[in-house]
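**Q** Before we start, here is the structure in question, set down as structure tokens.
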Amino acid sequence: MTGFPLPPNATIGIVGGGQLGRMSAMAAARLGYRCHIFSPEPDAPASQVAAATTRADYDDNAALLRFADAVDVITFEFENVSAEGLDLLADRRPVRPGPEILRISQDRIAEKSFLNEAGIGTAPWAPVSSMAELTAAIAAIGLPAVLKTTRLGYDGKGQALIRTEAEAEMAFGLLHPKPLILEGFVDFAAEGSVVVARGADGTVSAFDMVENRHRDHILDLTLAPAPFDPALRETAREMARLVAERIGLVGLLAVEFFIDRDGRVLANEIAPRPHNSGHWTIDACPASQFELHIRAVAGLPLPPAIRHSDAVMKNLVGPEDIALWPRIVATAGLIPHHYGKTAARPGRKLGHVNVLFPHGALPGEFGIQAALGPLAGGTDQ
């Protein structure tokens, strides 16, 4: 087993083969590391830029152990992997972030409990295992509210907005598996996030808070920095730092926030991995979220999470967006990132574009739309 910090040419194992693993592997290569991907997917985006791939199901214990024996440290690039599988890997190699952190992020009840115990505000919530518990939770929290699965939800899946008792009963019957969680509906003015890294030595580096705008429940635009009051942005950064320290993070995580109409900052979710809302850092920062992630995993020193430019990130989602690729690469000012996916399914993230502006000069709405050129369009917030 190689010690820490990892020397050049050591191998970092990444569980998951998507675009987050792809961009992590690219950052690792620049720092002199090789990456070995574990994914069931043929021709996974991360495999295209990695030194090796183990193609197997996430519950294939024999394959997991072979993978562990071939690497020096292990991380993961999305949450819908088995914490039990990571436990198995952790018996052979260090796993960063650890399986216990993944368990918290995978379960909304555990996640909300952790945040509240850390003194971080969230929307009111209650666990729901039966219609009787749902009725009691509605009485306590009120309507409208959002009923969600506790596990495996993403991009708006696994949840239902309920406005009436009849809708509540229908949603309870449709959402699986149980238990569920009822969350009070936040009449939010905006959504934001902070990406934060923490090294093995306890050093914490947090990027600026960004604003996130969605289309069809999928992230569409990220504005960096968020055009919010500076004190509010710093409050969110301090919350993210607190989460990283309390949870014992070694690696990277994102904290997603709601900003309500009264200006309160409420934590929504945590994701212990690189995050879609941090893609702007690739081009606008001396060290991107992916570099900070790899540095933390490899035991290298963490640089400050600073930006040299303001930025807008635009996701390329589905066949409609990726069809614009020829125009995107021909448009000055657009910095394109293609994920190497061959199937352009509706709702699938296929790439993104970054646009840079001078530090402190993020434009208003018309300026942003003008800079996006062929990608200009609205969001549903």
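The values are calculated or read from the model by the stated rules, or taken from the named source; none is laboratory data. All of these numbers come straight from a predicted model, not from anything done at the bench. For neighbour counting, all protein chains shown are included, and Cβ atoms are generated from backbone atoms with ideal geometry for every residue, glycine included. Please note that ligands, DNA and RNA were not included when accessible areas were found on the heavy atoms of the full protein model with its side chains. Shrake-Rupley method; radii C 1.70, N 1.55, O 1.52, S 1.80 Å.
**Q** Which one of ASP72, ASP87, ASP57 is among the acidic types (Asp, Glu) and farther than 29 Å from VAL243 by Cα?
**A** Criteria check complete, one pass: ASP57.
**Q** Going by what's in this entry, would ALA267 be described as without any contact (Cβ under 8 Å) to a residue 40 or more places away in the chain and touching a helix residue (DSSP H, G or I) at 6+ places or on another chain (Cβ under 9 Å)?
**A** Criteria not met by ALA267.
**Q** Among the residues of the range 130-145, count how many are assigned to a strand (DSSP E or B) and open to solvent by 60 Å² or more (accessible area, probe 1.4 Å).
**A** 0
**Q** Which of the residues spanning the range 30-40 are under 21 Å from GLY85 (Cβ atoms) and either aliphatic (A, V, I, L, M) or modelled with pLDDT under 95 (or both)?
**A** Once the filter is applied, which keeps residues that are under 21 Å from GLY85 (Cβ atoms) and either aliphatic (A, V, I, L, M) or modelled with pLDDT under 95 (or both), the range 30-40 yields only ILE37.
**Q** Would you say ILE322 is touching a Leu at 6+ places or on another chain (Cβ under 9 Å) and farther than 23 Å from GLY251 by Cα?
**A** yes
**Q** If GLU117 satisfies all but one of (1) closer than 30 Å to ALA70 by Cβ; (2) open to solvent by 20 Å² or more (accessible area, probe 1.4 Å), what's the number of the condition it fails?
**A** With (1) closer than 30 Å to ALA70 by Cβ; (2) open to solvent by 20 Å² or more (accessible area, probe 1.4 Å) applied to GLU117, the lone miss is (1).
**Q** Which of the numbered conditions does GLY173 fail, given that it passes all the others? Conditions: (1) open to solvent by 20 Å² or more (accessible area, probe 1.4 Å); (2) touching a Pro at 6+ places or on another chain (Cβ under 6 Å).
**A** It fails just one condition, (2).
**Q** Another question, if that's okay. Out of (1) open to solvent by less than 60 Å² (accessible area, probe 1.4 Å); (2) of a type in the set (Lys, Arg); (3) more than 30 Å from ILE259 (Cβ to Cβ), the odd one out for ARG92 is which?
**A** Against the list (1) open to solvent by less than 60 Å² (accessible area, probe 1.4 Å); (2) of a type in the set (Lys, Arg); (3) more than 30 Å from ILE259 (Cβ to Cβ), ARG92 comes up short only on (1).
**Q** PRO127 versus (1) surrounded by fewer than 23 Cβ atoms within 10 Å (Cβ to Cβ); (2) in a loop (DSSP other than H, G, I, E, B): which is the lone unmet condition?
**A** Unmet condition: (2).
**Q** Looking at the range 62-84, which of its residues are open to solvent by 10 Å² or more (accessible area, probe 1.4 Å) and either in contact with a helix residue (DSSP H, G or I) (Cβ under 6 Å, 6 or more places away or on another chain) or closer than 17 Å to ARG34 by Cβ (or both)?
**A** ARG66, ASP69, ALA70, ASP72, GLU77, GLU79, listed by residue number.
**Q** Would you kindly identify the strands (runs of 3 or more DSSP E) lying entirely within the range 289-361 that contain at least 3 residues that are closer than 30 Å to PRO8 by Cα and modelled with pLDDT of 95 or more?
**A** Once the strands (runs of 3 or more DSSP E) in the range 289-361 are filtered for at least 3 residues that are closer than 30 Å to PRO8 by Cα and modelled with pLDDT of 95 or more, what remains is 335-338, 349-358.
**Q** Moving on. Can ALA27 be described as crowded, with 24+ Cβ neighbours inside 10 Å and either at pLDDT 95 or above or under 18 Å from GLU291 (Cα atoms) (or both)?
**A** no
**Q** Does LEU316 satisfy the criteria of being under 24 Å from GLU191 (Cα atoms), open to solvent by less than 30 Å² (accessible area, probe 1.4 Å) and free of Cβ contacts under 8 Å to residues at least 60 places away in the same chain?
**A** When the stated conditions are applied, LEU316 passes them.
**Q** Would you check which residues across the range 259-277 are open to solvent by 30 Å² or more (accessible area, probe 1.4 Å) and farther than 16 Å from GLY119 by Cα and list them?
**A** Once the filter is applied, which keeps residues that are open to solvent by 30 Å² or more (accessible area, probe 1.4 Å) and farther than 16 Å from GLY119 by Cα, the range 259-277 yields ARG261, ASP262, GLY263, ARG273.
**Q** Looking at the range 177-195, which of its residues are outside any strand (DSSP E or B) and in contact (Cβ under 8 Å) with a residue 40 or more places away in the chain?
**A** If the condition is that a residue be outside any strand (DSSP E or B) and in contact (Cβ under 8 Å) with a residue 40 or more places away in the chain, then LYS178, PRO179, PHE185, VAL186, ASP187 are the ones that fit.
**Q** Sort out which residues of the range 323-381 are exposed (fewer than 11 other Cβ atoms within 10 Å of the Cβ), under 20 Å from LEU20 (Cα atoms) and of a type in the set (Gly, Ala, Ser), and write them in order of number.
**A** Correct list: ALA343 only.
**Q** Next question, about the same structure. Are there any pairs with C-beta distances below 7 angstrom linking a residue in the range 344-369 that is under 16 Å from SER309 (Cα atoms) to a residue that is surrounded by 15 or more Cβ atoms within 10 Å (Cβ to Cβ) and among the hydroxyl-bearing types (Ser, Thr, Tyr), with the two at least 6 apart or on different chains, and if so which?
**A** LEU356/SER309; PHE357/SER309; PRO358/SER309; HIS359/SER309
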